[in-house]
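Report on the structure given below.
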Amino acid sequence: MALSVENRDLPAETPPGPLTIVVMGVSGVGKTTVARLLADRLDLPYAEADDFHPEANIAKMSAGVPLDDEDRAPWLRAIGAWLGERTEAGTGGVVTCSALKHRYRDTLRAACPGAFFLHLSGGHDLVQDRMSHRTGHFMPPSLLNSQYAALEPLGAEELGAVLDVGPSPEELVEKAAALLRPVNGDLA
């Protein structure tokens, strides 16, 4: 069930297991910042999706060429494997991943059925401005349009929530923790 901040009713039956969270959205919305803070807040292991990309993907994006589904497939399987390993280990975890398309999220759910998708959403102008000010990232702002074009919002059947990225990262983490409390009742 996809939620917004205004709709906090999670399904009564959520998949059992440790809390696994995918912080998703287009490049530049703050996935890494929010995911790191959220992992710290919830005392969960953290992984950065960019670390799962093969060098060929990084080279392609650095050259301003969008990835296609064939490029993304092994990357998504590797992220899904990490989530599945966290579930098997009983630790849970937080990972960043654009997870732009429903079928990409299906790949992640195949490895980790209980994954919760926290979609960070922001307007094009805000995100483009953020991207133009960041340094040291291989994803150029010129690829932002391709990301928005590929983005498929969370479906009603998907376990997740949508948060607008206007507030500070700390505020987003507190909102996320409040949304996740019904999924994992022992959150502080």
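Observations, loosely collected:
- Lysines whose Cα lies under 22 Å from that of Lys60, excluding same-chain neighbours fewer than 8 positions away: Lys31, Lys101
- Long-range amide H partners of Phe116 with built H, under 5 Å: Thr20, Ile21, Val22
- Distant-in-sequence amide contacts of Glu158, defined by a placed amide H-H separation under 5 Å and a gap of 5 or more residues or a different chain, comprise Ala2.
- For region 65-71, backbone phi angles converted through the Karplus equation (6.51, -1.76, 1.60; θ = phi - 60°) give residue-by-residue couplings of 9, x, 6, 9, 4, 5, 5 Hz, Gly and Pro being listed as x.
- Gained length - Asp106 relative to Glu48, 0.36 nm times residue gap less alpha-carbon distance: 19.0 nm
Where a number appears in this text, it was derived from the coordinates with a stated rule and is not lab data. Note that the structure is a prediction, hence the values are computed from the model and not measured.
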